Amino acid sequence: MDSPRGRIYLMKAGLEGRAEMTPAFVNHFDACLGCMACVTSCPSGVQYAPLIEATRAQIERRYPRSPADRLFRSVIFAIFPFPARLRVALMPLAILQKTIGRNRGDRKERREQDGLGAHAAPRTSHDAPRTSHHPAPRTSLFSRIGAMLSLAPNVSWAQLFSSIPARTPAAGATRLTVGLLTGCVQRLVFPRVNEATVRVLAAEGCDVLAPPEQGCCGALALHAGRLDEARAFARRAIEVFERAGVERIAVNAAGCGSSMKEYEQLLADDPAWAERARAFSARVRDVTEIVSELGAPRAPRHPLALRVAYHDACHLAHAQGVRQPPRDLLRSIPGVEILPFAEQEICCGSAGIYNLVEPDAARELGDRKAGHIDAVRPDVIATANPGCMLQMATASARLGRAWPIRHPIEILDASIRGTSAGDLIDI
């Protein structure tokens with residue numbers, strides 16, 4: 001029942017009244033990563049995403065979760081999709097890290113200890129742990145809080161209060177007018193990704209608009225089956241970017257891009273919004289797609305001697321079918337070597353809020369991914385989703401590694417600006 005086909009069978013049984021919404025029934029859907037690898041694999045082209053989202057919506061409406069489970073999920077959805085609230089929630093972390101000098105980073109020292117710069121032989125086994133195929137077990141509130149703390153990012157006051165210009169003009173003649181989704185977690189935890197995105201697009205001839213009034217795109221809500229919330233966020237995003245008058249909407253977070261490309265389906269039954277949502281979704285692109293769409297590079301690429309392990313974020317590779325543009329972007333940089341590693345198609349365990357609500361299964365997947373990456377001894381890991389960045393940073397720390405984890409657009413930005421490989425790694 002934990003295969004996609006098994007879950008579809010359960011959905012059908014539920015619709016036909018042959019299956020009740022018991023804890024066992026719900027657990028099969030809670031255990032699903034929503035990674036959409038099944039969509040890639042399915043020879044019949046079954047679109048699993050709307051099925052699992054609709055089923056999770058029914059669960060959210062009809063299934064009485066425990067008080068602790070309801071409380072934990074309510075806190076997540078009351079904070080994470082709202083950047084102002086998330087900023088306040090992260091302030092104590094910034095103070096604590098500044099006070100005690102905690103830095104998952106101190107990267108230079110730890111890399112020297114690990115010998116990563118010299119591609120030293122790893123001191124741990126490359127054999128990845130096997131993941132269980134049984135339904136994910138129910139986890140306690142304390143386990144979930146522990147997982148949240150372990151995933152806590154390095155943040156500073158500068159990050160929490162950073163911003164990017166509302167408009168950045170193109171270098172030279174304008175080739176395209178692009179709106180940038182600044183995101184929720186991205187703008188606060190990884191603001192350098194947004195900054196790099198703006199610089200690269202401007203260097204390649206794009207006028208970049210980042211409307212300051214934008215909010216959450218609704219990705220977390222959509223993937224968790226909170227459809228009314230997702231629709232409200234979607235309508236707001238459509239309004240904001242319509243007013244901006246952009247030709248493309250650039251997204252540098254895979255989960256957000258996947259959801260925004262689904263607005264057409266999400267609002268299909270709303271006569272006032274269906275056509276607007278269709279037009280909006282048609283303009284959404286991952287930033288690597290836009291770089292590819294622009295064609296011949298305008299900005300020069302300076303060499304970067306880097307061995308890069310590129311991890312396919314599930315909602316980029318499986319949900320959006322975007323695999324080649326990130327690799328082409330990296331290969332356009334002289335000196336970059338992309339290192340293939342085992343099981344690149346398998347999820348790292350981040351999966352929206354999965355690593356918070358199902359931490360044990362997520363940890364196994366994270367450790368498995370880190371083990372495979374360790375086998376190829378990279379200088380840097382590249383991936384296009386903030387959740388994956390946090391998940392793999394935590395897994396690599398458990399392995400005793402301190403790999404720098406960068407968005408592909410950050411690596412291209414460093415090449416265009418002539419930043420050295422060492423400086424990129426030490427950010």
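The values are calculated or read from the model by the stated rules, or taken from the named source; none is laboratory data. Nothing here was measured: the structure is a model prediction, and the numbers come from that model. Note that each Cβ is placed from the backbone with ideal geometry, even for glycine, and that neighbours are counted across all protein chains shown. SASA here: full protein model, heavy atoms, side chains in, ligands and nucleic acids out. Shrake-Rupley method; radii C 1.70, N 1.55, O 1.52, S 1.80 Å.
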TODO: Select from region 151-182 the residues that are surrounded by fewer than 16 Cβ atoms within 10 Å (Cβ to Cβ), modelled with pLDDT under 95 and not in a loop (DSSP other than H, G, I, E, B) and list them in ascending order.
DONE: TRP157, ALA158
TODO: All but one of (1) among the small types (Gly, Ala, Ser); (2) buried (at least 20 other Cβ atoms within 10 Å of the Cβ); (3) in contact (Cβ under 8 Å) with a residue 60 or more places away in the chain hold for SER350, so report the exception by its number.
DONE: (3)
Open item on the list: Among (1) assigned to a helix (DSSP H, G or I); (2) more than 14 Å from the chain's Cα centre (by Cα), there is one condition ILE346 misses while meeting the rest; what is its number?
Closed with: (1)
Open item on the list: I need a count of the residues in region 146-188 that are touching a residue at least 12 places away in the same chain (Cβ under 8 Å) and closer than 23 Å to ALA397 by Cα.
Closed with: 14
Task: Residues being open to solvent by 30 Å² or more (accessible area, probe 1.4 Å) and part of a helix (DSSP H, G or I) - total across region 326-343 - done: 3
Open item on the list: Looking at region 190-203 only, could you name the residues that are open to solvent by less than 10 Å² (accessible area, probe 1.4 Å) and either hydroxyl-bearing (Ser, Thr, Tyr) or under 16 Å from the mean Cα position of the chain (by Cα) (or both)?
Closed with: VAL193, ASN194, THR197
TODO: Return yes or no: is ALA234 small (Gly, Ala, Ser) and either open to solvent by 10 Å² or more (accessible area, probe 1.4 Å) or within 17 Å of the chain's Cα centre (by Cα) (or both)?
DONE: no
TODO: State all residues of region 306-324 that are open to solvent by less than 30 Å² (accessible area, probe 1.4 Å) and either among the polar types (S, T, N, Q) or in a helix (DSSP H, G or I) (or both); if no residue qualifies, say none.
DONE: CYS314, HIS315, LEU316, ALA317
Open item on the list: Between CYS206, CYS216, which is open to solvent by less than 60 Å² (accessible area, probe 1.4 Å), under 19 Å from the mean Cα position of the chain (by Cα) and at pLDDT 95 or above?
Closed with: CYS216
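Could you tell me whether region 291-299 includes any residue that is crowded, with 22+ Cβ neighbours inside 10 Å and at pLDDT 95 or above?
So far as region 291-299 goes, yes, one or more of its residues are crowded, with 22+ Cβ neighbours inside 10 Å and at pLDDT 95 or above.
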Task: Given (1) modelled with pLDDT under 90; (2) open to solvent by 60 Å² or more (accessible area, probe 1.4 Å); (3) part of a helix (DSSP H, G or I), number of the condition TYR9 does not satisfy - done: (1)
Open item on the list: So, in region 259-290, how many residues would count as being open to solvent by 30 Å² or more (accessible area, probe 1.4 Å) and within 16 Å of GLY183 (Cβ to Cβ)?
Closed with: 2
Task: Test result for LEU96, open to solvent by 80 Å² or more (accessible area, probe 1.4 Å), assigned to a helix (DSSP H, G or I), at pLDDT 75 or above and closer than 22 Å to PHE142 by Cα - done: yes
Open item on the list: Considering only region 290-302, I want to know if a residue exists there that is polar (S, T, N, Q) and farther than 23 Å from GLY34 by Cα.
Closed with: yes
Open item on the list: Can you find, within region 17-74, the residue that is surrounded by the most Cβ atoms within 10 Å (Cβ to Cβ) among those that are polar (S, T, N, Q) and within 14 Å of LEU222 (Cα to Cα)?
Closed with: THR55
Task: CYS256 vs. criteria open to solvent by 10 Å² or more (accessible area, probe 1.4 Å), assigned to a loop (DSSP other than H, G, I, E, B) and either at pLDDT 95 or above or of a type outside the set (Ser, Thr, Tyr) (or both) - done: no
TODO: Would you check which residues across region 360-400 are part of a loop (DSSP other than H, G, I, E, B), among the small types (Gly, Ala, Ser) and open to solvent by less than 30 Å² (accessible area, probe 1.4 Å) and list them?
DONE: ALA384, GLY400
Open item on the list: Please list, ordered by residue number, the helices (runs of 4 or more DSSP H) wholly in region 18-87 having 3 or more residues that are more than 24 Å from the chain's Cα centre (by Cα) and within 24 Å of ARG5 (Cβ to Cβ).
Closed with: 23-30, 48-62
